[in-house]
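The values are calculated or read from the model by the stated rules, or taken from the named source; none is laboratory data. Quick caveat: nothing in here was measured; it's all calculated off a predicted structure. Cβ coordinates were reconstructed from backbone atoms using ideal geometry, including for glycine residues, and neighbour counts include every protein chain displayed.
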């Protein structure tokens, strides 16, 4: 699906959610006109949204489809959770340790072999599909035969009564996602993890098995020794309901996985372009996903994101991520930049063609960095020079006491050498000072970087508490009616940090934090280059009953701003963004006032319905005035 088509579907879908359910059908029909395919795509999105619930649709990481690319493929199982000490065959349940789209996972005890295992109970709707279960059993057997230390070992695939389960080794550790949340990983640790993941993928791809859902949640790090285990091989395929075209296709599907035309499986942020479009995928799709994981581990953020799922897919299909050098919080070797860039090539033919090739490059990089680190630790050059200078000064300035008469010529030569050395050093310093003071060329001027920020205002009319008419976009402010609701959209050509604060009509009232907030952009102030961020992301700002001018301050900076980072905590449901701490409020207001002048240049594009803010200053502060009745 092309970018414009994606955005058209997304806009109509989101606008339809703002109207009452009973009139959505008519609203969609009116917006889509004679485009029947467009109407079906939007209606399928709405149906999936209503079926799953708004929160689950937006936040669930399970496999999804969108029309024809997004729709939920699974339902929550209504089976109650298993209880502690409950017996499933020769397994005794200890406790629930996780759940997801493909079932619940329990820690259990294998009473026959007296060992702890992980027991995954498959959902009933999956287990009842004999074709899918047959394909999964075949792949489970293939995975269990790999005997690769970085792939979770499968012990048994069985069933008791109507419960179908998969027993595997139990990993006492944490997922890579949990490890990320504990803090920034160092580069050697990152390389160690991804090299082990690539080793697992190399073994699987050799056996013609493609994972299709590589992400931090499916990577575990064992606590006792740091060994990495890749989980859930075959489960992404188990979620695929598409029948093979023929008997031979069922076997070939192990090498090149196929879903129903236009369907996508996996987790959005880690999907390859071909996977996001529902095309045939092979091992190169896994390589893309591990490239995304490496990028996220190094930079602390995913390379492809958006305010909605459709925006994320558009980003995957169309956008290039900010370079690691620009976005990373740790030093990035140029070779790692090259490796990630190649893994994230949108054309599969331009990516690494095998996990083995990627693995070789990562191992070579790690070896090079280890040798470089060892060389810096062991190279005594600087220490030797320092020791030699210190030794020379000590020997010449403080001659050893002689037991007998020292030769007269030595006592004369040593001071003469010291005087000569001092004269030479003094001459060099004097010459340098003279050249500097008499230089006619001025020092080079620093390069001035122009900072830019685009914004536009989206308006939704309300009547009697309900939205009416379609939203419209403004390039500049107007005199808003009290029942109008607005959304601010921003985009910048360079990555940076954005803060949006509101100063109300009443004199002396505290500032309010509009952005960042927990419900927008993942709670982060950081915006990647050319990313469109909607504030708020899924709702609207509403004017209060107090008439006057709302002042909205946009603060744009290449670095975080401590004074504004400190007030982020007030963006919660209790404080409603109001900065109730007088000292913090005063500090934030003072920062804005100090940086508000000189004002940035402003250009408005009525046709594009956007406003461009430009400034040569490092920190850009721009005021938007919203007059309302």
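One residue is enough: does the range 580-587 have a residue meeting the conditions surrounded by 16 or more Cβ atoms within 10 Å (Cβ to Cβ), modelled with pLDDT of 85 or more and assigned to a strand (DSSP E or B)? No - not one qualifying residue is present in the range 580-587.
With farther than 16 Å from residue 528 by Cβ, surrounded by fewer than 22 Cβ atoms within 10 Å (Cβ to Cβ) and over 17 Å from the mean Cα position of the chain (by Cα) as the only criterion, which of 277, 283 stands out?
Working: 283 fails: surrounded by fewer than 22 Cβ atoms within 10 Å (Cβ to Cβ).
Result: 277 is the single residue among 277, 283 that is farther than 16 Å from residue 528 by Cβ, surrounded by fewer than 22 Cβ atoms within 10 Å (Cβ to Cβ) and over 17 Å from the mean Cα position of the chain (by Cα).
With the structure loaded, tell me whether residue 296 is surrounded by fewer than 18 Cβ atoms within 10 Å (Cβ to Cβ) and part of a helix (DSSP H, G or I) or whether it fails that test. No. Among the residues making up the range 465-480, those that are farther than 30 Å from residue 526 by Cα and touching a strand residue (DSSP E or B) at 6+ places or on another chain (Cβ under 7 Å) are 467, 468, 469, 479.
Give the residues of the range 181-203 that are modelled with pLDDT under 90 and in contact with a helix residue (DSSP H, G or I) (Cβ under 7 Å, 6 or more places away or on another chain), sorted by residue number. Give the derivation first.
Start the filter on the range 181-203 by keeping residues that are modelled with pLDDT under 90, which leaves 181-185.
Correct list: 185 only.
Here residue 146 clears all of (1) over 28 Å from residue 82 (Cα atoms); (2) at pLDDT 85 or above; (3) assigned to a loop (DSSP other than H, G, I, E, B) except the condition numbered (2).
For the range 149-199, give me each residue that is part of a loop (DSSP other than H, G, I, E, B) and either without any contact (Cβ under 8 Å) to a residue 40 or more places away in the chain or buried (at least 18 other Cβ atoms within 10 Å of the Cβ) (or both). Scanning the range 149-199 gives 150, 152, 153, 161, 162, 170, 171, 182, 183, 185. Just to verify a result, which residue in the range 593-607, among those that are in contact with a strand residue (DSSP E or B) (Cβ under 8 Å, 6 or more places away or on another chain) and at pLDDT below 85, is farthest from residue 622 (Cα to Cα)? Residue satisfying both the conditions and the ranking: 605.
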